[in-house]
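All remarks here apply to the structure that follows.
The values are calculated or read from the model by the stated rules, or taken from the named source; none is laboratory data. The model shown is predicted, which means the values in this text are computed figures rather than measured ones. Cβ atoms come from the backbone with ideal geometry, glycine included; neighbour counts cover every protein chain shown. Ligands, DNA and RNA are excluded from the accessible area calculation, which covers all protein heavy atoms including side chains. Shrake-Rupley method; radii C 1.70, N 1.55, O 1.52, S 1.80 Å.
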Amino acid sequence: MQKETISLKEGLIILNQKDAKGTLIPFDLTYRTFNATSKRGGKLKNYSGARLLLEKNPNSIHRDTIENILVPIKKAKNANHFENRTRNIELADHSVVTICIDFIISINNKEIIY
């Protein structure tokens, strides 16, 4: 039995799918890690129920604490996700992971071909 294959472009469309309410639909993702500095990597990572993390939510509650007030405000860095071919995904435990789309193996058990 041959595994179903899709292109990277179709895979990115799956990542961006939204339901009727406008929330992103969870997906299963398998990809390989890579460290460009040491030229090492290759660990296979599987994430179930992950969601694409778009921009920061402007409606999120900002809490003023002593630490927030005393720390000087620094300019936010532009991640250039599309230029760097990376995406932030939110895992089921609400942690955030940055992945490189060039190392995606499969999305929803559909193998990615390049």
- Across segment 1-39, which residue is nearest to Val97 (Cα to Cα) among those that are small (Gly, Ala, Ser) and surrounded by fewer than 10 Cβ atoms within 10 Å (Cβ to Cβ)? Ala36
- Task: Look through segment 7-39, keep the residues that are in contact with a strand residue (DSSP E or B) (Cβ under 8 Å, 6 or more places away or on another chain) and among the basic types (Lys, Arg), and return whichever of them is nearest to Leu53 (Cα to Cα).
- Result: Lys18
- Note on segment 3-34: residues among the polar types (S, T, N, Q) and outside any loop (DSSP other than H, G, I, E, B) are Thr5, Ser7, Thr30, Thr33
- Message: Looking at Leu44 and the list (1) of a type outside the set (Asp, Glu); (2) open to solvent by less than 40 Å² (accessible area, probe 1.4 Å); (3) over 24 Å from Asn78 (Cα atoms); (4) in a strand (DSSP E or B), which single condition is not satisfied?
- Response: (2)
- Scanning segment 78-114 for residues that are under 13 Å from Ala50 (Cβ atoms), surrounded by 15 or more Cβ atoms within 10 Å (Cβ to Cβ) and hydrophobic (A, V, I, L, M, F, W, C) gives Ile89, Leu91, Val97, Ile99, Ile104, Ile107
- Query: Out of segment 32-65, which residues are within 15 Å of Glu90 (Cβ to Cβ) and modelled with pLDDT of 90 or more?
  - Reply: Lys45, Tyr47, Ser48, Gly49, Ala50, Arg51, Leu52
